[in-house]
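Trainee: Would you mind keeping the following structure in view while I ask a few things?
The values are calculated or read from the model by the stated rules, or taken from the named source; none is laboratory data. What you see is a predicted model, and the numbers here were worked out from it, not measured in a lab. Please note: Cβ atoms are built from the backbone with ideal geometry, for glycine as well, and neighbour counts cover all protein chains shown. Heavy atoms of the whole protein, side chains included, go into the accessibility calculation; ligands, DNA and RNA do not. Shrake-Rupley method; radii C 1.70, N 1.55, O 1.52, S 1.80 Å.
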Amino acid sequence: MNFIIINLSPRRKGTSNMLVNYFADRIRSDANSVCMCDLYTYLDKMDILLEKIKDAESIVMIGPCYVSSYPAVTVKLLMSMANSDGILHGQSLYGFIQGGMPYVHTHVHGIRLLENFADDNSLEYKGGFIMGGGAILNGQPLEKIIGAKKMVPAVNNYIDHIINDEHSSEELFKKAMMKLPYLITRFLASVMNYRIKKQFAANGIDYTVNPYIID
Ligand SMILES: Cc1cc2nc3c(=O)[nH]c(=O)nc-3n(C[C@H](O)[C@H](O)[C@H](O)COP(=O)(O)O)c2cc1C
């Protein structure tokens, strides 16, 4: 089977890139060929990337969470895929999103985007995977992720579903996601807010003024 794994992050040595290599090492075999691509390399030559997508039977998108979804250029890729004749022909689509926040709800829009896209186009969405803590990992090996004991087997399980071209249930990543106790969440949020306010003050920004309200 032909697989294409696309890195949706602009960071060539970041966590998404590490995962692309991790996935490729496990999927590649005598029976399976893997093409690894960085979306940002192809932004001004999308035709080349589209041909590679056309040749694939399974598409795996791996990217960071940028403000609750994949980076905006992902939409450019999806629109190019939808608007070019013959690129999409029933391939399987898998989406992996990872971000700083250790929660499902802050990243889920990314995989919903791909699910809806597949529904509206000639693709078969076979399930997504959400992983928190990607920012702390910062491109280091997956085994170093906080909560690796649960997360690594879950990611491996997800890759097995991709290899077998079968659907992956959302229960897989929900069970693997670390659960922060309420008081620790409150403490971390307070520290983060304090630091952000300090940075605003240092740069002369009045954060009490709502930038979305125009007088
Ligand atoms: C512009 C920008 C927006 C981000 N937005 C979020 C976000 O909404 N939620 C989150 O959990 N992490 C967010 N992050 C953190 C990244 O998702 C995180 O660092 C990720 O691991 C980066 O992956 P990469 O190394 O593959 O680029 C953001 C980072 C950047 C640069």
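Trainee: In Å², what does the accessible area per residue of the chain work out to with a 1.4 Å probe? Walk me through the numbers on the way to the answer.
Mentor: Numbers: 11740 Å² over 215 residues.
That works out to 55 Å² for each residue.
Trainee: What full-extension length gain, to one decimal in nm, is calculated for Ser169 and Met192 as 0.36 nm per residue of separation minus the Cα-Cα distance?
Mentor: Working: separation 23, 0.36 × 23 = 8.28 nm, distance 3.29 nm.
In short, 5.0 nm is gained.
Trainee: Mind ordering 16-27, 190-201 by average Cβ neighbours within 10 Å, highest first?
Mentor: The densest-packed peptide leads the list: 16-27, 190-201.
Trainee: For the range 1-46, what % of the accessible area comes from carbon and sulfur atoms, probe 1.4 Å?
Mentor: Working: 940 of 2080 Å².
Within the range 1-46, the accessible surface is 45 percent carbon and sulfur.
Trainee: Name the long-range amide H neighbours of Gly95: under 5 Å, sequence gap of 5 or more, or other chain; modelled H, no Pro or chain starts.
Mentor: Sorted by chain and number, the residues that satisfy this are Met61, Gly127, Gly128, Phe129.
Trainee: Further question on the same structure: At 222 nm, what helix-only mean residue ellipticity would the chain give, in deg cm²/dmol to the nearest 500, using -39500 (n - 2.57) for each DSSP H run of four or more? It would help to have the intermediate numbers written out before the result.
Mentor: Values: 8 runs with 94 residues, N = 215.
That comes out to -13500 deg cm²/dmol.
Trainee: Further, regarding this structure: Per-residue counts of other Cβ atoms within 10 Å, averaged by peptide: what ranking do you get for 29-42, 66-79, highest first?
Mentor: Working: 29-42: 15.0, 66-79: 16.9.
So the order, starting with the most tightly packed, is 66-79, 29-42.
Trainee: Only sites in a loop by DSSP and with at most 14 other Cβ atoms within 10 Å count here; which GluC sites (Glu not before Pro) in the range 79-167 make the cut?
Mentor: Here the sparse-neighbourhood loop sites are Glu166.
Trainee: Please work out, to two decimal places, the log10 of the ratio I(q)/I(0) at q = 0.13, 0.20, 0.21 Å⁻¹ from a Debye calculation in which every Cα of the range 1-158 carries one identical scatterer.
Mentor: -0.55, -1.36, -1.50
Trainee: Another question, if that's okay. Calculate the translational D of the range 1-78 in whole µm² s⁻¹ from Stokes-Einstein, where the hydrodynamic radius comes from the Kirkwood formula applied to all Cα pairs, the temperature is 20 °C and the viscosity 1.002 mPa s.
Mentor: Working: Rh = 12.7 Å.
Translational D for this selection: 168 µm²/s.
Trainee: Related question: Which value in Å is the Kirkwood Rh of the range 43-94 over different Cα pairs?
Mentor: Numbers: mean 1/r = 0.0848 Å⁻¹.
Here the Kirkwood hydrodynamic radius works out to 11.8 Å.
Trainee: Okay, next question. What Kirkwood hydrodynamic radius, in Å, does the range 70-201 give when the mean of 1/r is taken over all pairs of distinct Cα atoms and then inverted? Spell out each step's value before the answer.
Mentor: Numbers: mean 1/r = 0.0601 Å⁻¹.
Roughly 16.6 Å, rounded to one decimal.
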